[in-house]
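Undergrad: Okay, handing you the structure first.
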Amino acid sequence: MSRSEMKRRYKIKMLTSWAEKGDTYAMLSLGHLYAGLHVTKDIEPGDLKELELLDAIFEPEFARDFASAAYWYGKAAELNNNSAQYNLGLLYFYGYGVDQDDHMAFSIFEKAAESGHVYAAYHLARCYLTGRGVEQDGEKAVEYYTYAAVNGYKPAFADVGRMYMLGRGVEHNQLKANEYFAKAQKQRAEV
């Protein structure tokens, strides 16, 4: 067994122990591990709160287990962890580890967004824009894109700009569209 596989097994063992005791952060971390997201530092006993998660960095040498990810995200989501709710929503949205279900994804994103999860709000906007899991509603799409943008998800500024430019959910207003595009461009420059 390789050193990296030993580390992975140790991470899973420790996280499972904490998760079974009701620690939603451990549940979320297990979900990330099974989804293939990388936990950036080694876990030592008792240092769970020091864990840093780096989303979208994958461990390609390990097979993903989306069904297990859905299980642990679901456990943490039941305990109102909005990050777990968001990630579980993504699994339903794309059909990874669970049957693809737009209505379930929408419902889960909505719950996470209600508790302030910005990425969930962004995905709600996409659902409202496209009609995935909910009746299409351009006004709601603009509302959630705007919420996501002003609360930290800066790429949403471009989406709000497009809505104004195309007159979707709002009256066509090229000046407002240009304002939002400028904000989006400014955010890119700051990155």
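Nothing in this text is a laboratory measurement; each read-out follows from the coordinates by a stated rule. Everything numeric here is computed off the predicted structure, so don't read it as measured data. Heads up, the Cβs are rebuilt from the backbone with ideal geometry, glycines too, and the neighbour counts pull from every protein chain shown.
Undergrad: Give me the net charge for the shell around Gly95: Cβ to Cβ below 14 angstrom, other residues only, Lys and Arg +1, Asp and Glu -1.
TA: Values: positive: Arg64, Arg132; negative: Asp99, Asp101, Asp102.
Summing Lys/Arg as +1 and Asp/Glu as -1 gives -1.
Undergrad: To continue, here is another question. Can you work out the FRET efficiency for the pair Ser17 and Gln136, with r the C-beta to C-beta distance and R0 = 30 Å, to the nearest 0.05?
TA: 0.10
Undergrad: Rg to Rh for region 65-191: what is it, with Cα atoms only and Rh by Kirkwood?
TA: Taking Rg over the Kirkwood Rh, I get 1.04.
Undergrad: What pairs from Lys11/Lys154; Lys75/Lys111; Lys111/Lys140; Lys75/Lys183 go past 26 Å between their alpha carbons?
TA: Lys11/Lys154; Lys75/Lys183
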